[in-house]
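Worksheet for the structure shown next.
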Amino acid sequence: MEMRNEEMTVPGTRIIAIDQSTSSTKAMLFDEQCKMLGRSNVDHQQYYPQTGWVEHDAEEIYQNMIAAIQKLPLTQEKAGGEACSIAITNQRETVVVWNRHTGKPISRAVVWQDTRGAELCQQLRSEGYSDMVQQKSGLLIDPNFSATGVTWLLDHVEGAREAAERGDLLMGTIDTWLVWKLTGGKTFATDTTNASRTMLFNIHTMQWDDDLLRLFRIPRSMMAEVLPCDAVYGETTCEGLFAEPIKIAGVLGDSHGALAGQMCFTTGSGKVTYGTGSSVMVNIGEEAKAAPEGLVTSVGFSVLGKHFYGYEGNIYSTGATLKWICDQLKLIDKPAAMEAEATSVDDNGGVYVVPAFSGLGAPWWQQNVKGAVLGMTFATTRAHFLRAALESIAYQIKDLIDVMARATGGRLSEICADGGPTKNQFLMQFQADILETPVVCTEVEDASALGAVLMNGFARGVWHSFDEVVGLRKVTQRILPKAEPRMAAWYEGWRAAVNQLIKS
């Protein structure tokens, strides 16, 4: 468990931002000037019961959240009910199904990386439902999104289908589960961004869609109320950590939180979030336009009475690749140690790591491709492999940025970057070089949490316009691209490696 304590000197409401990610649950304490005052982090178990299956224990995640809050430099004496509130940002698409009466999940949560719904997706595509699903939801038919995970659970967990039809079961993304638990079951709600990643939500009507619910055979009684991101979601004592209930205000998915946290409030502004996977998203304004091939359209955020949409592409494995190298292969102790070794060689030695552990996401959308390392020879060293793994992140981001730039009328003027891997200077410089575009990093590494804090402030009336908050974004470094004559050949090698796997 990691934490940092600092003195709290600024008066006003403290905001506890919960960032519930794929690998851990962070609790961060902010003041109303968006200064971080402290943080804690608790990892949770990853379950891989079968090839292609990825699961989390939803009960463990909830308990970890409470533990993370408890470790913050904040006590009931320092902050009573009126001096604190909670905002939530979360891993998207990961879905929990639980019994509304007992409060117990019927199984582990199906994680967004899970591919058990691939067969159903293929069936629906072959039956001609792709256009209908994309027109309504903005999404491609893919097991990455929540719907097929719910269908699988209802069909395979004993008694689940019957219980759902009786109205005994609820479903929700992780935000829905956490809010429901925090409020003791009083609030069953999600926000528009998380809803827009389920493949069950109509991004034009901003409601659950009956046609999509019927297609995936999910009863409407399982669905949560959908609220804007800047709503008050209820009250909680956090299992008695606070003497008086505090507000839960501000909820949105992590990539959307980063879009807001990077202050991408204007049409055409975009960001890259480097996490377990990576999300590239650009604000396209208040109209839900059809996405170009390889991308999807989602609700960017709903705030101040308006809905802002975004084009997005998702990469399944970026930070997860580095974690796999450390935890599974044990080639190096921690991701932070990779930079020194990767820069000890002048290039990747012809090695390409294609981290398709859960298939290839955008812009390829090839679920059946498996991860591979190509180009190894007897001259290949560990340094070449580690460098190739880091480069794979930048290559995948470029795949998406190129599609996005064409869709929005040309090269983006800059890329706002956030997430743990932004600390890797080699990766950030390589990213700027291959994109030929400046990469901008900000003071708050966890931009998703900052976005949740902003939504919390809008919900509580602290701020009333974007102009009031844009100055809170503090740029820490602006990485300018350098000319590298070999870059085109390196990227061509990446594309050849990916195409070789797709064709095999």
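The values are calculated or read from the model by the stated rules, or taken from the named source; none is laboratory data. Only a predicted model underlies this, so the values are computations on that prediction, with no experimental measurement involved. For neighbour counting, all protein chains shown are included, and Cβ atoms are generated from backbone atoms with ideal geometry for every residue, glycine included. Just the protein is used for accessible areas: all its heavy atoms, side chains included, with ligands, DNA and RNA removed. Shrake-Rupley method; radii C 1.70, N 1.55, O 1.52, S 1.80 Å.
Could you report the accessible area of W364 in Å², rounded to 10, computed with a 1.4 Å probe on the protein chains as they sit in the structure?
Its accessible surface works out to 50 Å², give or take rounding.
At 7 Å along the Cα-to-beta-carbon direction for both D211 and T476, put a label point, then send me their distance in nm to one decimal.
If labels sit at D211 and T476, their model points lie 4.6 nm apart.
Restricting to the chain, what percent of DSSP beta bridges are antiparallel, rounded to 5? Please list the in-between numbers first.
Numbers: 60 of 82 bridges.
Expressed as a percentage, antiparallel bridges in the chain total about 75.
Order of 233-240, 365-372 by packing, highest average Cβ count within 10 Å first? Each step should come with its number before you reach the end.
Numbers: 233-240: 18.2, 365-372: 16.2.
Most protected by this proxy first, the peptides run 233-240, 365-372.
Taking amide H atoms as placed 1.01 Å from N in the peptide plane, list the residues 5 or more away in sequence, or in a different chain, whose amide H sits under 5 Å from that of I248.
Those qualifying (amide H under 5 Å, at least 5 residues apart or on another chain) are I86, Y233, G234, E235, T236.
Would you list D57, D467 from the most to the least accessible area, probe 1.4 Å? Each step should come with its number before you reach the end.
Numbers: D57 50, D467 130 Å².
From most accessible down to least: D467, D57.
For the chain, what are the DSSP H helices with axial Cα length of 27 Å or more and mean Kyte-Doolittle hydropathy of at least -0.5?
Span-like helices, by this rule, are 382-407.
Mind ordering 285-298, 487-500, 19-32 by average Cβ neighbours within 10 Å, highest first? Write out the running numbers ahead of the final one.
Values: 285-298: 18.1, 487-500: 15.6, 19-32: 22.9.
The peptides rank, most packed first, as 19-32, 285-298, 487-500.
At 1.4 Å probe radius, can you tell me the per residue accessible area of the chain in Å²?
Result: 38 Å² of accessible area for each residue.
Over the chain, with every protein chain in place, what whole percent of the accessible area is carbon and sulfur at 1.4 Å, could you tell me? Write down the numbers at each step before the final one.
Details: 9220 of 19200 Å².
Using a 1.4 Å probe with all protein chains present, the chain comes out at 48 percent carbon and sulfur.
If you stretched the chain out fully between K289 and Q45, how much longer would it get, using 0.36 nm times the residue separation minus the C-alpha to C-alpha distance? Write down the numbers at each step before the final one.
Values: separation 244, 0.36 × 244 = 87.84 nm, distance 3.82 nm.
This chain segment gains 84.0 nm when fully extended.
May I ask you to derive the FRET efficiency for E158 and E484 from their Cβ-Cβ distance with R0 = 41 Å, giving the value to the nearest 0.05? Working shown, then result.
Numbers: r = 57 Å, r/R0 = 1.40.
So, using R0 = 41 Å, E works out to roughly 0.10.
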